[in-house]
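S.K.: What follows is a single structure, and I will ask about it in a moment.
Just so it is clear, none of the values below were taken in a lab; they were calculated from the coordinates. The structure displayed is predicted, hence computed values, not measured ones. Using ideal geometry, Cβ is built from the backbone for each residue, glycine included, and neighbour counts are taken over all protein chains shown.
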Amino acid sequence: AQSVTQLGSHVSVSEGALVLLRCNYSSSVPPYLFWYVQYPNQGLQLLLKYTTGATLVKGINGFEAEFKKSETSFHLTKPSAHMSDAAEYFCAVSDKNNDMRFGAGTRLTVKP
Amino acid sequence: KAGVTQTPRYLIKTRGQQVTLSCSPISGHRSVSWYQQTPGQGLQFLFEYFSETQRNKGNFPGRFSGRQFSNSRSEMNVSTLELGDSALYLCASRRHTTDTQYFGPGTRLTVL
């Protein structure tokens, strides 16, 4: 069975600082990995996804993530945080049948 | 192209009642999935419909049911509501079951 673990339910950074949100996955087959963002009272918006190919994936709003098979990780980063990045972020894993499993989420706070 | 739409956005019901939520997928998308999101349990998969057939089902009681129409619109029904059913119900659509899911804004259900 697939699963993801997001390390840290809350992360706080200063505006302009590096954002690092951690995600580790468990999968018995080559995984598809996703990061979604959720703003208050809204649905989930896809930030980026990894299926096959290049392990460094660039997404929207300046975010990127690197698939590291040896570490079973798919951490999300952004070089410089903006106030507008404050939201909840979800890592998700699916198999080829696309049965998706989400992590518990990480709430990102950006301090001025 | 219009996104996934869900109606109503907010709903208040009392215990024992039943409720029907609606989801209109992105044009051309034939798969619709439903998720329940609560602070305690996070995002949990309810079921997925593809071309009017239930393709997959999560671990929820039979009080939770759904259907999909020939135009790909989907409805979710919860009977005999319980306080614990209070949640944000998210719908996601995709063209095929191997594609990326796109989420709607959700329906916030409150059970009193």
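S.K.: Provide the convex hull volume over Cα atoms per residue for the range A:13-73, in Å³. Display every interim value, and only then the final one.
M.R.: Working: hull volume 7.0 nm³, N = 61.
With only Cα atoms used, the range A:13-73 gives 115 Å³ per residue.
S.K.: Return the sequence-ordered ³J(HN,Hα) values of the range B:16-22 in whole Hz as given by the Karplus equation 6.51 cos²θ - 1.76 cosθ + 1.60 applied to θ = phi - 60°, using x for Gly and Pro.
M.R.: Coupling constants for the range B:16-22: x, 6, 10, 9, 10, 10, 10 Hz.
S.K.: Further, regarding this structure: If amide H atoms are built 1.01 Å from N in the plane of the peptide, which residues on other chains or at least 5 residues away come under 5 Å of the amide H of B:GLY66?
M.R.: B:ASN77
S.K.: Could you work out, for chain A, what percent of all Cα-Cα pairs fall into each 5 Å distance bin, beginning at 0 Å and stopping at the bin that holds the largest distance?
M.R.: Cα pair-distance distribution for chain A, in percent: 2, 13, 24, 26, 19, 10, 4, 1, 0.
S.K.: Projected onto the charge dipole of chain B (+1 at Lys/Arg Cβ, -1 at Asp/Glu Cβ, origin at the Cα centre), which of B:PRO61, B:SER72, B:TYR89 gives the Cα projection farthest towards the positive end?
M.R.: B:SER72
S.K.: Let me ask another. Please enumerate, by chain and number, the aspartates and glutamates with C-alpha under 18 Å from the C-alpha of A:LYS69, excluding those fewer than 8 residues away in the same chain.
M.R.: Of all the aspartates and glutamates, those that pass the test against A:LYS69 - Cα under 18 Å, at least 8 places apart if same chain - are A:ASP95.
S.K.: What is the average number of partner chain Cβ atoms found within 10 Å of a Cβ in A:38-46? All intermediate terms of the calculation are to be shown ahead of the outcome.
M.R.: Details: counts 6, 1, 0, 6, 6, 14, 11, 3, 5.
Whole-number average of other-chain Cβ neighbours for A:38-46 is 6.
S.K.: How big is the antiparallel share of DSSP beta bridges in chain B, given as a percent to the nearest 5? Numbers along the way, then the final one.
M.R.: Working: 37 of 41 bridges.
In chain B, approximately 90 percent of DSSP beta bridges are antiparallel ones.
S.K.: According to the Kirkwood expression over distinct Cα-Cα pairs, how big is the hydrodynamic radius of chain B, in Å? Walk me through the numbers on the way to the answer.
M.R.: Details: mean 1/r = 0.0724 Å⁻¹.
Hydrodynamic radius (Kirkwood, Cα pairs) of chain B is 13.8 Å.
S.K.: If R0 is 35 Å, what FRET efficiency do you get for B:ILE12 and B:GLN41 from their C-beta distance, rounded to 0.05?
M.R.: Details: r = 21 Å, r/R0 = 0.59.
Efficiency, from the Cβ-Cβ distance: 0.95.
S.K.: Next question, about the same structure. Which whole-Hz ³J(HN,Hα) couplings does the range B:98-112 yield from phi under the Karplus relation 6.51 cos²θ - 1.76 cosθ + 1.60, θ = phi - 60°, glycine and proline marked x?
M.R.: The phi angles translate into 9, 8, 6, 8, 10, 9, x, x, x, 10, 8, 9, 10, 10, 9 Hz.
S.K.: If you don't mind, another one. Across the range A:68-112, what fraction of all alpha-carbon pairs, as a whole percent, falls in each successive 5 Å bin from zero upward?
M.R.: With 5 Å bins starting at 0, P(r) equals 5, 16, 20, 23, 16, 12, 6, 2, 0.
S.K.: List the residues, sorted by chain then number, that are 5 or more residues from A:GLY105 or on another chain and whose placed amide H is less than 5 Å from its amide H.
M.R.: Answer set, sorted by chain and number: A:GLN6, A:CYS91.
S.K.: Sticking with this structure for a sec: Can you pull the one-decimal nm distance between simple spin-label points at A:LYS111 and A:ILE60, each 7 Å off the Cα toward Cβ?
M.R.: Using points 7 Å along Cα→Cβ, the separation is 3.0 nm.
S.K.: Sticking with this one: What's the longest bit of chain A with no exposed trypsin sites (Lys or Arg not before Pro), using DSSP loop states and at most 13 other Cβ atoms within 10 Å as the test? Before the final figure, lay out the partial values.
M.R.: Working: sites that count: A:LYS69, A:LYS96.
Within chain A, the longest run free of exposed trypsin sites (Lys or Arg not before Pro) spans A:1-68.
S.K.: What full-extension length gain, to one decimal in nm, is calculated for A:ALA104 and A:LEU7 as 0.36 nm per residue of separation minus the Cα-Cα distance?
M.R.: On the way: separation 97, 0.36 × 97 = 34.92 nm, distance 0.92 nm.
So the extension gain works out to 34.0 nm.
S.K.: If you average the C-alpha positions of the range B:75-102 and of the range A:40-100 separately, how far apart do those two centres end up, in angstrom?
M.R.: The two parts, judged by their Cα centres, are 22 Å apart.
S.K.: With label points built 7 Å along Cα→Cβ from the Cα atoms of B:THR98 and A:GLN42, find their separation and express it in nm.
M.R.: 3.1
S.K.: From the phi angles alone, apply the Karplus equation (6.51, -1.76, 1.60; θ = phi - 60°) to the range A:83-89 and give each ³J(HN,Hα) in whole Hz, x where the residue is Gly or Pro.
M.R.: 4, 6, 7, 4, 4, 9, 10
S.K.: Only Lys, Arg, Asp and Glu count, each charged at its Cβ (+1, +1, -1, -1), so figure out the dipole size of the protein assembly as shown about its Cα centre, rounded to 20 debye. Could the numbers behind the result be given before it?
M.R.: Numbers: 23 positive and 14 negative charges, 61 e Å.
That gives the protein assembly as shown a dipole magnitude of about 300 debye.
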